[in-house]
Amino acid sequence: GENVEQHPSTLSVQEGDSAVIKCTYSDSASNYFPWYKQELGKRPQLIIDIRSNVGEKKDQRIAVTLNKTAKHFSLHITETQPEDSAVYFCAASSTVFNKFYFGSGTKLNVKP
Amino acid sequence: NAGVMQNPRHLVRRRGQEARLRCSPMKGHSHVYWYRQLPEEGLKFMVYLQKENIIDESGMPKERFSAEFPKEGPSILRIQQVVRGDSAAYFCASSPGGSETQYFGPGTRLLVL
């Protein structure tokens, strides 16, 4: 099956700096890669996703890049704000195995 | 369009009792997934269901745990004879298709005393 690894497990940045979280996957059949943000005590919420037919996608301060050859994808948050502090999860999915494999999560702390 | 609903939000059980967790998917979604999350940990897949069918239960313990998604009504995750190690947050997610975006419910936080 698929194996998704996520790094780093914790990330601390100063407000206004950029944050980058990286994930790798093992199964070349994976073709859908969502990112979720989970605040303490709340549900995971989708913040951005990318499909394998594109290499990059942006939504305001958030961007995701995908390198299919190397089997890795990354979340980029620019101009970080304290409200960006949360745990971020990446996931990989495909029409072949029809379920999500989640990374272990990155706890992002944005210091004011 | 209401999101994914779960109830109860909090559930306290004593060891040996049964826990029933309910999940109503978003309107138009026929695929339901259950995940377990321990404190400070990630989301662990348990089971994937479509209406009246279990598609993948590879993440669910074979004993004491069962899940269903009947033709009418919510999906139910049932834990029999709960033990302290079952204490966790249980999240349900739904999607319109098997490999499409999953939307999560607010979770049920189970505490076993």
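A few remarks follow.
- Panel order for B:I76, A:I77, by other beta carbons found within 10 Å of each beta carbon, from fewest to most: B:I76, A:I77.
- Sequence-distant lysines (8 or more away, or on other chains) whose Cα lies within less than 24 Å of A:K71: A:K22, A:K37, A:K57, A:K58, A:K99, A:K107, B:K44
- Taking every residue in B:42-51 and counting other chain Cβ atoms within 10 Å of its Cβ, the average works out to 3.
- Under 20 Å from a label point set 7 Å out along the Cα-to-Cβ vector of A:K42, the amide N atoms of the stretch B:79-95 belong to B:89-94.
- Each label was represented as a point 7 Å from its Cα along the Cα-to-Cβ direction; for A:E5 and B:K27 these points are 4.5 nm apart.
- Given charges at beta-carbon only (K, R positive; D, E negative), |dipole| of the stretch A:1-56 in Debye: 180 debye
- For chain A, a Gaussian network of Cα nodes joined below 10 Å ranks A:T78, A:T65, A:T95 by mean-square fluctuation, and the top entry is A:T95.
- Protection proxy ranking of A:48-60, B:44-56 - average other beta-carbon atoms within 10 Å, highest first: B:44-56, A:48-60
- Estimated inter-spin distance, B:V83 and B:S66, nm [label 7 Å along Cα→Cβ]: 2.0 nm
- Charge dipole of chain A about the Cα centre (unit charges at C-beta), most positive-ward option of A:S12, A:Y101, A:I62: A:Y101
- Unit charges on C-beta of K, R, D, E only; dipole of chain A, Debye: 220 debye
- Annotation: chain B has a Kirkwood hydrodynamic radius of 13.9 angstrom, from the mean reciprocal C-alpha pair distance.
- Computed E for A:A29/A:Q81 - FRET, C-beta separation, R0 25 angstrom, nearest 0.05: 0.10
- Measuring spread by the Cα atoms of the protein assembly as shown yields a radius of gyration and Dmax of 17.7, 51 Å.
Quick note: the coordinates plus some simple rules give every number you see, no bench work behind them. This one's a predicted model, so the numbers in the text were calculated from it and none came from an experiment. All Cβ positions, glycine included, derive from the backbone under ideal geometry; neighbour counts span all protein chains shown.
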